[in-house]
1. Could you please let me know if residue A:97 is out of contact with any strand residue (DSSP E or B) (no Cβ under 9 Å at 6 or more places or on another chain), facing chain B (nearest Cβ under 10 Å) and part of a loop (DSSP other than H, G, I, E, B)?
2. Which members of the range A:67-94 meet the condition of being crowded, with 20+ Cβ neighbours inside 10 Å and more than 11 Å from the chain's Cα centre (by Cα)?
3. Out of the residues in the range B:11-56 that are near DNA strand D (Cβ under 10 Å from one of its atoms) and farther than 28 Å from residue B:121 by Cα, which is surrounded by the most Cβ atoms within 10 Å (Cβ to Cβ)?
4. Show me the helices (runs of 4 or more DSSP H) entirely contained within the range B:1-67 in which 3 or more residues are closer than 30 Å to residue A:3 by Cβ and either within 14 Å of another protein chain (Cβ to nearest Cβ) or more than 7 Å from DNA strand C (Cβ to nearest atom) (or both).
5. Can you tell me how many residues in the range B:75-93 are within 12 Å of DNA strand D (Cβ to nearest atom) and either within 11 Å of chain A (Cβ to nearest Cβ) or in a helix (DSSP H, G or I) (or both)?
6. Which one of these does residue B:106 not meet: (1) in contact (Cβ under 8 Å) with a residue 40 or more places away in the chain; (2) within 10 Å of another protein chain (Cβ to nearest Cβ)?
7. I'd like to know if the range B:106-120 contains one or more residues that are farther than 30 Å from residue A:97 by Cα and crowded, with 18+ Cβ neighbours inside 10 Å.
8. I'm told residue A:123 meets every condition in (1) more than 15 Å from the chain's Cα centre (by Cα); (2) within 14 Å of chain B (Cβ to nearest Cβ) except one. Can you identify the failing condition by its number?
DNA sequence: TTTAAATGCTACCTATCGGTGGTATTTTAA
DNA sequence: TTAAAATACCACCGATAGGTAGCATTTAAA
């Protein structure tokens, strides 16, 4: 009942960048040192976020990554989708492909409330909603 | 943001058994045929549930598994814990070991509601709460 | 008494996730 | 002009989750 490690990393990075307005460009090495995320793996994640259009890379010395679109337009669900394939294709908690009110799984009625609370967060929260103060980095 | 396949299987099996009061003993072969869960993997799961004390095995021909304690005493959280190690040790959605109101992660305030709705389900729902009618098996 | 049908157990296989190594390319400071 | 510092990319490695094979043991029906 949790996100993949890769999604955790991606959200940590983007929320760190989003709450550091004094800086425009972030190199992988800098992020790696600040957030203690494995350097090589982090380059891979940044490339995925770049290919998804959330951040843009400037190459060469003094290069790095910066946001490619407004913070308010980047939802959590989008971040997860960018780095995770199979970002739950099935909305059923027991993994059934076709589970609905007419033909529900055993947990269907109990899953409705948690599911909607999660959706509300994943679809509703954007990088612009994060509080810059007192955010844990490591 | 979902359960492991193994947890899905375990809950499917136990909810199937719990909502089939006309039958006392369930062989792995029978469950396998009814729920279309891989036979050999299912034997492994049933052994785990047996070792966790939720079900008891009767060996030999005509043997199988039956509940070892009252349905109302088997919570979802217990089922997941029985088949999954690392059944989220960290309550933080970004995986931080020490995340709390004083030193929160970026998503801390947004995760409170989904988290409590999930806990309510995992800790509150037991096998006795399931509706026998119209439950999807496959 | 034999044999079929069940669980118990261990070892292995395969795919995916998390993580590393190495090299090419780009850009700019020295 | 050169070298350092950055991203781009590809191939691989190790751990874990999901799944399989095979055989020993137990029990009861034939």
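Just so it is clear, none of the values below were taken in a lab; they were calculated from the coordinates. Values in this document were obtained by computation on a predicted structure and should not be read as measured data. Using ideal geometry, Cβ is built from the backbone for each residue, glycine included, and neighbour counts are taken over all protein chains shown.
1. Yes: the conditions hold for residue A:97.
2. Scanning the range A:67-94 gives A:92, A:93, A:94.
3. Restricting to residues being near DNA strand D (Cβ under 10 Å from one of its atoms) and farther than 28 Å from residue B:121 by Cα, the top hit is B:39.
4. Correct list: B:5-18, B:39-51.
5. Residues that pass the stated criteria total 7.
6. Every condition holds for residue B:106 apart from (1).
7. Yes, some residue in the range B:106-120 is farther than 30 Å from residue A:97 by Cα and crowded, with 18+ Cβ neighbours inside 10 Å.
8. Failed condition: (1).
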